[in-house]
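Derivation of every value follows stated rules applied to the coordinates shown; laboratory data play no part. Computed from a predicted model, the values in this text were never measured in an experiment. Please note: Cβ atoms are built from the backbone with ideal geometry, for glycine as well, and neighbour counts cover all protein chains shown.
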Amino acid sequence: MSTGTTGTSSDTARPLDEVNLGGHGFHVVGAHYGAGDKASLHCPVCFGELTLLADGGAGRRFRHLIAYDEERCPLSTLSYQPEAPSVRRKRDAALEREQRGAFLENWQRHFQVMRRAAPSLTVRRFIYLVGYADVMNLWSYPSIEQHDLPYVLLTLAQFMRAGAMGGRPVWVRFCFDATVRDVGDLWTHRGPQARLFKMMYNAPRETPFPTSRQLIHYETVRRDTSFLETSPPWMKRADVKEFQRFAAAGRPPVDAERADTGTS
Ligand SMILES: [Zn+2]
């Protein structure tokens, strides 16, 4: 897959074969993280302290200094259910109406931005994600920036199949750096903008979803903050109809039991 059209910049593009991962560390490439004072290296994703494992022909490999970070960070976790930011907000019907309404009004623009980052995203999956946001009261955060919402939805999607790379099926997942513990941190955090990462994986063999063992590479996604001012994209009629049917059905009841992101 070409990354040139996804609005991303690659931090490391070296494929890591499954056998090279696990206890063998990961690459953190880039002047900011890969060079400088070794004693103060921090993971770009979880901010945990790093330690240099190897500095050979294959580049510098790192692992987290602390086992707790190593277990939880997407770059090293052996869990196929890595932590995602929480969405904890009580429902505020007025805010929801206003902010969900603004999102729906621009849904094609939001969808297009998500597609740019994850070309395999379908309208059906997009609908699942909006439905999931409904159940989780995402729209009730008071300081939502609408232009962040497509990226938030991508992180809520967790693992998605993403077509094939070199004839092999791949998966994708998006996550923010450690400044975003709860989705609301995106809009209350002071300091530099949280980084969003796109992680590509080989298909899992033994687990339902990939772990860091299947991580092929990851990159920083440059977030478009002005797409809402552009004209809406052309879309297939069938996709538009499908979304309109969903939108016309209104918001699901508050006590919807299952929060389904349509995973995989
Ligand atoms: Zn980390």
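Quick notes
- 3J(HN,Hα) along region 143-149, derived from phi through the Karplus expression 6.51 cos²θ - 1.76 cosθ + 1.60 where θ = phi - 60°, amounts to 10, 3, 9, 4, 5, 8, 4 Hz, with x in place of Gly and Pro.
- Over the C-alpha trace of region 109-264, radius of gyration and Dmax come out as 16.0, 45 angstrom.
- Residues with amide H under 5 Å from that of Gly163, placed H, sequence gap 5 or more: Val170
- Phi-derived couplings, Karplus 6.51 cos²θ - 1.76 cosθ + 1.60 at θ = phi - 60°, listed residue by residue for region 122-131: 9, 4, 4, 5, 4, 4, 3, 5, 5, x Hz, with x used for Gly and Pro.
- The trypsin sites (Lys or Arg not before Pro) of region 212-244 that DSSP puts in a loop, and whose beta carbon has at most 16 other beta carbons within 10 Å, are Arg222, Lys236.
- Rel. contact order, % - alpha carbon contacts under 8 angstrom, at least six apart, region 114-178: 31 percent
- Extension gain for the segment Leu95 to Thr220, taken as residue separation times 0.36 nm less the Cα-Cα distance, is 41.9 nm to one decimal.
- With θ taken as phi - 60° and the Karplus curve 6.51 cos²θ - 1.76 cosθ + 1.60 applied, the whole-hertz 3J(HN,Hα) list for region 202-207 is 6, 5, x, 10, 10, 10 Hz, x standing for glycine and proline.
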